[in-house]
Amino acid sequence: MDKKKLLGEIDFYLVTDSGLSKKGSLSDVRNAVEAGCRIVQYREKDKSTKEMVEEALLIKGICRDKAIFLVNDRIDVAMAVDADGIHIGQDDMPIQLARQLLGSDRIIGLTVHDLGEALQAERKGADYVGLSPIFGTSTKKDAGEGIGPERIREVKDALSIPVVTIGGINRKNCVSVIQGGADSLVAISAVVCSDDVRKETREFIDLIRNTKRNRAP
Ligand code: 3NM
């Protein structure tokens with residue numbers, strides 16, 4: 001399965017958060033993938049490297065040929081478990097070095113906050129950008145103020161790589177994000193804090209697909 005090709009088709013994007021999760025990251029990934037989620041990012045800030053490697057291997061096993069499996073920030077963990085790629089921020093490993101370490105086949109996603117950073121990300125070889133934060137969020141304490149869904153379009157129109165959106169997105173405001181031009185969206189608290197991750201993921205996927213079908217080209 002060509003995971004870079006799959007990247008062009010993603011809609012709902014799961015990012016794990018063991019601090020917020022009701023039933024744990026493994027359960028969240030299992031349920032989201034069963035519901036049809038095709039991209040998973042393992043984001044873990046508080047566990048030991050050993051625990052992360054063990055958990056990442058289990059998540060990789062769940063994703064297998066159904067979903068792209070990325071590791072947030074920790075390029076060493078991604079390489080150790082042979083993940084499909086990584087997601088990094090502006091202050092993490094510089095993208096050119098990450099590419100040297102990972103090779104051309106792996107997926108690298110980069111967080112960007114505006115059009116300038118997005119253009120640079122594409123120029124430097126990112127496979128997608130994570131545009132953030134769209135709305136205010138308490139899930140990431142230093143995320144800053146939301147840029148609003150109306151700022152997505154300028155980034156989407158300027159890039160040829162997928163635009164993933166993150167930050168304060170829920171089922172009420174997600175239609176505005178997709179209508180704004182996003183290819184994909186992450187909703188962490190809206191999903192992992194829910195009692196039924198599978199149902200919540202499915203509802204996001206259906207809403208995103210219906211909105212994409214009906215939006216102007
Ligand atoms: N990164 P929720 S905001 C992981 O702005 C993350 O870069 C962000 O969580 C950024 O969907 C964020 O619960 C958390 O708002 C998003």
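The values are calculated or read from the model by the stated rules, or taken from the named source; none is laboratory data. Note that the structure is a prediction, hence the values are computed from the model and not measured. Neighbour counts are summed over all protein chains in view; Cβ atoms, including those assigned to glycine, are modelled from backbone coordinates with ideal geometry. Please note that ligands, DNA and RNA were not included when accessible areas were found on the heavy atoms of the full protein model with its side chains. Shrake-Rupley method; radii C 1.70, N 1.55, O 1.52, S 1.80 Å.
Listing for the model above:
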read-out: Residue in region 122-143 that is within 13 Å of the ligand (Cβ to nearest atom), without any contact (Cβ under 8 Å) to a residue 60 or more places away in the chain, open to solvent by less than 20 Å² (accessible area, probe 1.4 Å) and more than 17 Å from ILE95 (Cβ to Cβ) present; value: yes
read-out: Pairs where the first residue, in region 8-21, is farther than 17 Å from HIS87 by Cβ and in a strand (DSSP E or B) and the second is aromatic (Phe, Trp, Tyr) and more than 11 Å from the ligand (Cβ to nearest atom), C-beta under 8 Å, 6+ apart; value: none
read-out: Elements of type helices (runs of 4 or more DSSP H) contained in region 115-211, each with 3 or more residues being among the β-branched types (Val, Ile, Thr); value: 174-179
read-out: Unique residue being open to solvent by less than 70 Å² (accessible area, probe 1.4 Å), more than 13 Å from the ligand (Cβ to nearest atom) and charged (D, E, K, R) when the list is ASP114, ASP183, ASP105; value: ASP183
read-out: Hits in region 22-57 - residues which are part of a loop (DSSP other than H, G, I, E, B) and over 17 Å from ASP127 (Cβ atoms); value: LYS22, LYS23, GLY24, ALA35, GLY36, CYS37, ARG43, GLU44, LYS45, ASP46, LYS47, SER48
read-out: Criterion: over 27 Å from ARG202 (Cα atoms) and among the aliphatic types (A, V, I, L, M) - qualifying residue of ALA32, ALA126, ALA67; value: ALA126
